[in-house]
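Remarks on the structure that follows.
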Amino acid sequence: MSGPNGDPHVLGGGTGHDGDDDGDEYAAINSMLDQINSCLDHLEEKNDHLHGCLKELLECSRQTRLEFQQQNKQLNSGADVQGSQPPA
(Lines give C-alpha, C1' and ligand atoms only; values in the text may rest on other atoms or scores of the structure.)
Protein backbone atom coordinates (compact mmCIF):
# COMPACT_ATOMS: atom_id res chain seq x y z
CA MET A 1 0.00 0.00 0.00
CA SER A 2 1.16 3.54 -0.47
CA GLY A 3 1.19 6.48 1.89
CA PRO A 4 -0.35 9.89 1.24
CA ASN A 5 2.60 10.95 -0.96
CA GLY A 6 2.52 7.77 -3.01
CA ASP A 7 5.51 6.40 -1.12
CA PRO A 8 5.31 2.76 -0.14
CA HIS A 9 4.08 2.23 3.39
CA VAL A 10 6.41 -0.05 5.29
CA LEU A 11 4.53 -2.71 7.21
CA GLY A 12 5.33 -2.94 10.89
CA GLY A 13 7.39 0.21 10.66
CA GLY A 14 7.45 1.09 14.37
CA THR A 15 4.13 2.91 14.51
CA GLY A 16 3.70 2.12 18.18
CA HIS A 17 0.44 0.23 17.51
CA ASP A 18 -0.21 -3.32 18.48
CA GLY A 19 0.22 -6.15 15.97
CA ASP A 20 -3.47 -6.17 15.03
CA ASP A 21 -3.00 -3.28 12.56
CA ASP A 22 -0.19 -5.16 10.88
CA GLY A 23 -2.45 -8.18 10.55
CA ASP A 24 -5.13 -6.04 8.93
CA GLU A 25 -2.60 -4.62 6.48
CA TYR A 26 -1.32 -8.08 5.61
CA ALA A 27 -4.90 -9.28 5.11
CA ALA A 28 -5.61 -6.31 2.82
CA ILE A 29 -2.45 -6.96 0.81
CA ASN A 30 -3.27 -10.65 0.62
CA SER A 31 -6.76 -9.83 -0.63
CA MET A 32 -5.36 -7.49 -3.28
CA LEU A 33 -2.87 -10.13 -4.41
CA ASP A 34 -5.71 -12.66 -4.67
CA GLN A 35 -7.65 -10.23 -6.86
CA ILE A 36 -4.60 -9.63 -9.06
CA ASN A 37 -4.04 -13.37 -9.34
CA SER A 38 -7.68 -13.88 -10.31
CA CYS A 39 -7.43 -11.17 -12.98
CA LEU A 40 -4.23 -12.70 -14.36
CA ASP A 41 -5.89 -16.13 -14.50
CA HIS A 42 -8.81 -14.62 -16.39
CA LEU A 43 -6.46 -12.88 -18.84
CA GLU A 44 -4.57 -16.13 -19.37
CA GLU A 45 -7.82 -17.95 -20.16
CA LYS A 46 -8.79 -15.25 -22.66
CA ASN A 47 -5.32 -15.37 -24.21
CA ASP A 48 -5.54 -19.16 -24.58
CA HIS A 49 -8.99 -18.82 -26.18
CA LEU A 50 -7.76 -16.15 -28.61
CA HIS A 51 -4.73 -18.26 -29.46
CA GLY A 52 -7.00 -21.19 -30.30
CA CYS A 53 -9.24 -18.97 -32.43
CA LEU A 54 -6.27 -17.59 -34.32
CA LYS A 55 -4.93 -21.09 -34.98
CA GLU A 56 -8.34 -22.09 -36.37
CA LEU A 57 -8.42 -18.96 -38.53
CA LEU A 58 -4.92 -19.67 -39.83
CA GLU A 59 -5.82 -23.25 -40.71
CA CYS A 60 -9.02 -22.13 -42.41
CA SER A 61 -7.08 -19.53 -44.38
CA ARG A 62 -4.53 -22.12 -45.48
CA GLN A 63 -7.28 -24.49 -46.58
CA THR A 64 -9.08 -21.74 -48.49
CA ARG A 65 -5.84 -20.69 -50.20
CA LEU A 66 -5.12 -24.31 -51.26
CA GLU A 67 -8.66 -24.69 -52.64
CA PHE A 68 -8.32 -21.41 -54.51
CA GLN A 69 -4.98 -22.51 -55.99
CA GLN A 70 -6.50 -25.84 -57.11
CA GLN A 71 -9.46 -24.07 -58.74
CA ASN A 72 -7.11 -21.65 -60.44
CA LYS A 73 -5.01 -24.53 -61.82
CA GLN A 74 -8.15 -26.26 -63.11
CA LEU A 75 -9.36 -23.10 -64.82
CA ASN A 76 -5.95 -22.52 -66.38
CA SER A 77 -5.63 -26.10 -67.59
CA GLY A 78 -9.18 -25.94 -69.02
CA ALA A 79 -8.34 -22.74 -70.88
CA ASP A 80 -5.16 -24.34 -72.24
CA VAL A 81 -7.11 -27.35 -73.54
CA GLN A 82 -9.71 -25.14 -75.25
CA GLY A 83 -7.01 -22.92 -76.75
CA SER A 84 -5.14 -25.85 -78.29
CA GLN A 85 -8.19 -27.31 -80.06
CA PRO A 86 -8.82 -26.20 -83.66
CA PRO A 87 -11.91 -24.02 -84.11
CA ALA A 88 -15.00 -25.85 -85.33
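Side notes on the structure shown:
- Selected residue (only one of Ser2, Ser38 is among the hydroxyl-bearing types (Ser, Thr, Tyr) and at pLDDT below 95): Ser2
- Restricting Leu33, Leu11 to those that are modelled with pLDDT of 90 or more, surrounded by 10 or more Cβ atoms within 10 Å (Cβ to Cβ), outside any strand (DSSP E or B) and among the aliphatic types (A, V, I, L, M) reduces the list to Leu33.
The values are calculated or read from the model by the stated rules, or taken from the named source; none is laboratory data. In this text the structure is predicted, and so the values were computed from the model without any measurement. Please note: Cβ atoms are built from the backbone with ideal geometry, for glycine as well, and neighbour counts cover all protein chains shown.
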